[in-house]
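Just so it is clear, none of the values below were taken in a lab; they were calculated from the coordinates. What you see is a predicted model, and the numbers here were worked out from it, not measured in a lab. Neighbour counts run over all protein chains shown; Cβ positions are idealised from the backbone, glycine included.
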Amino acid sequence: MSSELNNPFASTEQEHRGKKVELLVKSCTLAMTWLLIIPVLAIIIFLVYKAWPALSIEFLLDNPEKKMTAGGIWGPLIGTFFLVLVSLIIAAPTGILAGVYLNEFARDNWVTRFINLAVVNLAGVPSIVHGLFGLGAFVYFLGMDRCLLAASCTVAVMTLPVIITSTKEALASVPMSFRVACWNMGATKWQTIRTIVLPNSISGILTGVILQVARAAGETAPILFTGAMISSRIADSGWDAMVPYGLEDRFMALSYHLYIISTQWQNVPESFKFGTAAVMIGLVIAVNSLSIGFRIYLRARKKW
Amino acid sequence: MEYQIEFRDVSVYYGKDIALQGINLQIPRNEIFGIIGPANAGKTTFLKAINRTLEFIHSAKTTGEVLFDGKDVRQIRNVYGLRRKVGVVFPLPVGLPMSIYENVAYAPRRSGIHNKQELEEIVVRCLKQAMLWDEVKDRLHMLGTKLSGGQQQRLTIARALSHSPDVLCLDEFSIAIDPVTTMKIEDVLTELKSEMTIILVTNLVQQARRLADQTAFFNKSELVEVGTTEKIFTSPENQLTYDYVTGDFG
Amino acid sequence: MSETTPTVDSDFSLRRGIQKVVDFMEPAIVGLIYLCGWSAIIFVMAIFFFVFKESLPAITGIEEIGGGVDAEVEKLDLVEFTTSPKWIPESAKKPTFGILALMLGTLSVTVLSMVIAVPLGLGAAVYVSEFAKGKSREILKVLIELLAAIPSVVWGFIGLVVMNPMIVDVTGEPVGLNILNAGIVLALMSVPIIVSVSEDALRAVPDSFREAGIALGANRWEMVYKVLFPAAKNGLLAAVLLGIGRGIGETMAVLMCTGHSVNMPTSIFDPVRTLTATIAAELGEAVRGDMHYHTLFLIGVVLFVFAFVINLTADLIVKGIKVQENE
């Protein structure tokens, strides 16, 4: 082989063979790529197919009844929504400011390397360990008990590193020359960040942040011991159905709900399990598509 | 108090690399002061030393004194006030991603001017001074980044003027724009001279000859020679200077 | 233009209260930003601290009952903890806390998932970075990303209701919840991170390398095999490590797919139980202050340390590449 590499005057036969090999490699790697994608598409189609009998507006808007043998998934659905919302309120400011620090203030020294290392490691902590941390720190140490707030804090810590990373990326896309121009006009660092850097990156930052938090809210392990519960009684209509959980209440969540109805409870109609899974995947796809669409929109109206 | 800006034995280092070495220089008020020299001669560093934007380069270290209005710039507690007295125009035009109006109103807003009428006066005055008014007066709310290169460079000048600086620094402003616009801006500079001190760093030797009252020649981090433009261009003391201005350099 | 007054510092001051803003607001906000910048370090340490704290009584044998009063509790036998394959926490006679079988469970599932995911992930990364162009490239990347976006409990559900009967049909095993099931599910879950990190590593190889390879008469495969892989090997290694990290840390999917029975694995059709799944399944029932409870937190510490070492190594490897590039 190495003699081939060294021979600059490769014979046509070799070239011909080379073309064949290249085609082979291309088709092999393409096949491998599809081997990853086809199962996903098949699974999604299968889930929707099996869930079809259950999928309806009522399924989304009704509360679980009789150990999930009737009704729908409104409670878990709204619980997951509130989990996302509260986590977002806690994690977004901290994570965004941390990203601002790393991109705008941090010098290239050991402190920064240390912080970056911490971000990488925080991102790698297993979700169940986050759950243990939430239990030890928020539920017991801070005395929150198991509740929406404790679970949201846990999810917030879990999403912090990804928020920091995506913020850093969005900030780095703002050209340095804008900052230099502002500094030269006598703007302070924060004025520059507030008036130039953030306004031109905030939509990108928020897309990333919401995507990441929504993704984390699909996790079960961190909320398992920090506040999620099954079949809490909530109102079927009115204001109490729209905002069923206070910060100090335990709550239902889609992920936990699916875990319980598919492993612990008997006699749950199959279409209900599949329906819950399909709704979760539907939400994932919706949030992802929205963020992709929004990114394309942003790219189209780029200001420079 | 004689001089607008005075350098007293100023050296600047980037880490181990030396960028300016032992510069002694006086720049009088209301003059156009030309600075010429090859690339990497320290010309841009010289400008950055005046308004202390060198501080944004973490590895930069300065020794010696830079006096602005007779005051050591490093003693000035309020560096933002200092930077407002110095307008800077960069080699490549930078339109900020906001409307033309907001581009020019940016610095006044940051210094606390919120009165609409006052802002408008500043915007109109600066755009007129930068000879951009006629071209943009009907579309002040267009994005500054969507202007052509030459227009953006004049917008940058208008912005540099918007905080009423005492000193206007131009760093090779004509590098990315066409000759006609360059001539227009050169006219602007001659007019502005009565109002402020202008430091013109240029890679075009003839531009310095046309505009500058005094010219300094920098080479390899050092100030080789400074004198009236006429002297530098007709009878320089240093052979290097002679070679550079006659085009035999290198 | 501006009237020349005697030079005093006030000459450089700003007007109309902006001075106050610059003097007080600026440092306050910058201070807040610095604090947030440090938050990642604070939280990593806090996680270790709190998880370790809850596990401590099992090691020291001292439990704080409140009011500053300590009580002696039973100590965990650390030798048994690390070497015994028996995990019988709720035994009335003699509870045994050995995590060997659990570790092997985690190991077997992770190894199998890597055996599946690494070739597929690398292949997909090569295709996406070297062959695919424009729109199709973008679409492929989005679809692969989707694998990571599907919540782990949904993956677990898929393993439970889709893969389970399929494995029973194909292999004739009585139950389809085993290492194979969890390995496949976990492989699909960890592929996206392998693809994206490897793709970055491949794209970091300068085009001049590729051109040199082609100029020497190498075809694409030879180029990928002899030029790209060696040049990107650190990045690819980091990708595999991150995939392993993901596998070790995954909880809900393996809880639902492995069969969840304590078992020293002998074949890929054996059901096993993993470290993560044990915590998830048992912490709800364990009584706070109980030995079982502390031991579950100790498993958390073990997991934290595993993840820490793996991520640190991967990060150092990736940093190593960046340093080389700069030189």
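Working note: Debye formula, equal point scatterers on the alpha-carbon atoms of the protein assembly as shown, no solvent; log10 I(q)/I(0) at q = 0.04, 0.08, 0.10 Å⁻¹ is -0.25, -0.88, -1.13. Helical content alone sets the calculated 222 nm signal of the protein assembly as shown at -18000 deg cm²/dmol, taking -39,500 (n - 2.57) per DSSP H segment of four or more residues and averaging over every residue. Shown here for region B:145-250: GluC sites (Glu not before Pro) in loop regions (DSSP other than H, G, I, E, B) with at most 15 other Cβ atoms within 10 Å, namely B:Glu237.
The Cα center of region A:198-223 and the Cα center of region C:130-163 differ in position by 19 Å.
Centre-to-centre separation between the Cα atoms of region C:165-224 and those of region A:85-131: 29 Å.
Going by how many other beta carbons lie within 10 Å of each one, how would you line up C:Trp38, A:Trp183, C:Trp155, fewest first? Numbers along the way, then the final one.
Details: C:Trp38 16, A:Trp183 22, C:Trp155 25.
Result, fewest neighbours first: C:Trp38, A:Trp183, C:Trp155.
Taking every Cα-Cα distance in chain A and sorting them into 10 Å bins from zero, the calculated P(r) comes out as 6, 20, 25, 21, 15, 9, 4, 1, 0 percent.
Note on region C:83-213: semi-axes of the ellipsoid equivalent to its C-alpha gyration tensor, largest first and rounded to whole Å, are 38, 19, 13.
Quick check: convex hull of the Cα atoms in chain B, volume per residue, rounded to a whole Å³?
Working: hull volume 32.2 nm³, N = 250.
So the per-residue hull volume is 129 Å³.
Taken along its three principal axes, the alpha carbon spread of region C:97-159 comes to 55, 23, 15 Å, from the longest extent down to the shortest.
For region A:53-212, the relative contact order works out to 24 percent when only alpha carbon pairs closer than 8 Å and six or more residues apart are counted.
To the nearest whole percent, what portion of all C-alpha pairs in region A:72-231 is separated by more than 28 angstrom? The proportion of pairs with Cα distances above 28 Å equals 30 percent. The string of couplings for region A:39-47 from the Karplus curve (6.51, -1.76, 1.60, θ = phi - 60°) is x, 4, 4, 4, 4, 4, 5, 4, 4 Hz, one whole number per residue in order, with x for Gly and Pro. In the calculated pair-distance distribution of chain C, the portion above 38 angstrom amounts to 37 percent of the Cα-Cα pairs. Amide H contacts of B:Gly34: B:Leu200, B:Asp213, B:Gln214, B:Thr215, B:Ala216, each under 5 Å away and 5 or more positions distant or on a separate chain (H built 1.01 Å from N in the peptide plane; Pro and chain starts excluded). Comparing C:Met25, C:Met223, C:Met45 in a Gaussian network model of chain C (Cα springs below 10 Å), the most mobile by mean-square fluctuation is C:Met25. Between C:Ser39, C:Ser190, C:Ser113, the residue with the greatest mean-square fluctuation in the GNM of chain C (Cα pairs under 10 Å linked by springs) is C:Ser39.
Percent of C-alpha pairs per 10 Å bin in region A:163-304, short distances first: 10, 26, 26, 18, 13, 5, 1, 0. Comparing A:Met229, A:Met242, A:Met280 in a Gaussian network model of chain A, where Cα atoms under 10 Å apart are tied by springs, the biggest mean-square fluctuation is seen for A:Met242. For region A:143-227, the fraction of C-alpha pairs more than 20 angstrom apart is 49%.
Where the eigenvalues come from the Cα gyration tensor of region A:37-91, what are the semi-axes √(5λ) of the equivalent ellipsoid, largest first, in whole Å? Don't skip to the answer; put the middle values down first.
Numbers: eigenvalues 120, 85, 13 Å².
Listed largest to smallest, the semi-axes of region A:37-91 are 25, 21, 8 Å.
With charges set only on the Cβ (+1 for Lys and Arg, -1 for Asp and Glu), what does the dipole of the protein assembly as shown come to about its Cα centre, in debye to the nearest 20? Don't skip to the answer; put the middle values down first.
Working: 74 positive and 80 negative charges, 229 e Å.
That gives the protein assembly as shown a dipole magnitude of about 1100 debye.
Against the empirical 2.2 N^0.38 Å (N residues), region B:94-164 has a Cα radius of gyration ratio of 0.96. Three principal axis extents of region B:1-89 based on alpha-carbon atoms, in descending order, are 34, 30, 25 Å.
Given Cα positions, please report Rg to Rh for region C:208-327, the hydrodynamic radius being the Kirkwood one. All intermediate terms of the calculation are to be shown ahead of the outcome.
Numbers: Rg = 21.3 Å, Rh = 17.8 Å.
Reported Rg/Rh (Cα atoms, Kirkwood Rh): 1.20.
With viscosity 1.002 mPa s and temperature 20 °C, the Kirkwood radius over alpha carbon pairs of region C:232-301 converts through Stokes-Einstein to a diffusion coefficient of 155 µm²/s. Size descriptor for region B:183-239, Kirkwood hydrodynamic radius: 12.2 Å (Cα pairs only, one decimal).
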